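Note sheet for the following structure.
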Amino acid sequence: MGIEIIFLILAALVVAFGIGVVVVSRRRTASRTPPTSQATRPSAPPPRSVATGTLVEERPGELVEPELVEPEVVEPEPVEPASLRDRLSKARLAFTGAFAGVLGRTGITEESFEDLEEALLRADVGVGVTTELINGLRTKVAAKEITEPQALLDALEVEMVSRLEGSDRSLTFEPGEAASPNVWMFVGVNGVGKTTTIGKLSNQQIRDGRTVLMAAGDTFRAAAAEQLTAWAERSGAEIVRGAEGSDPSAVIYDGVERASARNIDLVMADTAGRLHTKSNLMEELKKVRRVAEKGAGRVTETLLVIDATTGQNGLTQAREFGEATNVTGVVLTKLDGSAKGGIVFAIETELGIPVKLVGIGETIEDLIPFDPAEFVSALVNP
């Protein structure tokens, strides 16, 4: 009986101890849990951008109309036009390897002269000019005026520039009576860029304050007048055109007379680049020039347009057109796409005709005055 009482007392103690543990555990859990109102309250969303004009909650329960902020206008950075050196990368390739070969040697050898000669010929400088340049360098090396490879290249650059200096490259415009416009004729074979050159140059002249009229004298090519009309609209020039196949001289004459009647400063006359025979073309160009000066006009420039990619063929064109039309200057187009930029030397030294303008791209600003020092530097410096 005594043992049973002892077991009952022990059982009661165990039960009491278990109940106490459960109670303590629940109290600890309750002390770690925040009140129900705080735990279930949702956090406030962040305000929306005021630029959208959406209502923003500044204080709990209060909505206010935000102040609209105009987006900041960021002006684009001006883009620098490509330099002449950048545009002559193809022409410069003719010299890059040769110059590397010259500089790779410890001294000036026969191979140095051979490398330079090959580079000049590849650039279409011409046999005559190339021979003169190389012989001049040989003489200076023999006289000990040049002893280092770099000095040899520097001397070549100086000599190339000197052969292009001294020419008058300005476009001739003779001020006179208002009713006596200057006439600039543009000649050259089809496809060299005469019409584009007229459009770009017209834009420049109008920007400089002169009034311009274009005369669409290439009546034998269907698209020529349409192209010139588009350029006239783009640049702000007037235009006179005739029917397809009409007399080019008559169109030029009408253009000069209209310019005279309207006190327009300058007539830019497009001409044909191809007829059935070469002799017919040259006779037609002679006639156009005579007619242009018959009335009120004065032909102050006859510009031969040559495609630089044709190389030595351009020299042949310059001879033929020069004999027929008294060419006063050359416009060398597509120079940026040619590896034959040396044709400039052949034209100037063999024919004595100055290169006045060069085309180095497709945009309206990519017709620039020819600068010998800048051109040679862009051509030969890697």
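The values are calculated or read from the model by the stated rules, or taken from the named source; none is laboratory data. Nothing here was measured: the structure is a model prediction, and the numbers come from that model. So basically every Cβ, Gly included, is an ideal-geometry build from the backbone, and we count neighbours across all protein chains shown.
Scan region 149-170 for residues that are touching a helix residue (DSSP H, G or I) at 6+ places or on another chain (Cβ under 8 Å) and either free of Cβ contacts under 8 Å to residues at least 60 places away in the same chain or not acidic (Asp, Glu) (or both) and jot them down. Can you show your working first?
Just the residues of region 149-170 that are touching a helix residue (DSSP H, G or I) at 6+ places or on another chain (Cβ under 8 Å), to begin with: 149-150, 152-153, 155-157, 159-161, 163-165, 167.
Correct list: Pro149, Gln150, Leu152, Leu153, Ala155, Leu156, Glu159, Met160, Val161, Arg163, Leu164, Ser167.
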Notebook entry, point to check: Can you name the residue in region 213-239 that is in contact with a Ser or Thr (Cβ under 7 Å, 6 or more places away or on another chain) and within 18 Å of Ala261 (Cα to Cα) and is also surrounded by the fewest Cβ atoms within 10 Å (Cβ to Cβ) among such residues?
Noted result: Ile239
Note to self: One residue is enough: does region 288-301 have a residue meeting the conditions within 19 Å of Leu164 (Cα to Cα) and hydrophobic (A, V, I, L, M, F, W, C)?
What the structure shows: no
Item checked: The one condition in (1) over 25 Å from Leu120 (Cβ atoms); (2) touching a helix residue (DSSP H, G or I) at 6+ places or on another chain (Cβ under 7 Å) that Asn326 fails to fulfil -> (2)
Item checked: Matching residues in region 294-308 - criterion: being more than 19 Å from Leu351 (Cα to Cα) and in contact with a Lys or Arg (Cβ under 7 Å, 6 or more places away or on another chain) -> Val299
Next item on the list: With the checklist (1) part of a helix (DSSP H, G or I); (2) under 16 Å from Glu111 (Cα atoms) in hand, flag the one item Asp154 doesn't pass.
Entry: (2)
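Any residue in region 363-381 that is at pLDDT below 80, in contact with a Lys or Arg (Cβ under 9 Å, 6 or more places away or on another chain) and more than 19 Å from Ala269 (Cβ to Cβ)? Spell out the reasoning first.
We begin by selecting, within region 363-381, every residue at pLDDT below 80; these are none.
For region 363-381, residues at pLDDT below 80, in contact with a Lys or Arg (Cβ under 9 Å, 6 or more places away or on another chain) and more than 19 Å from Ala269 (Cβ to Cβ): absent.
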Check: What's the number of the condition Val267 fails, among (1) within 31 Å of the chain's Cα centre (by Cα); (2) within 28 Å of Ala318 (Cβ to Cβ); (3) at pLDDT below 95; (4) not small (Gly, Ala, Ser)?
Finding: (3)
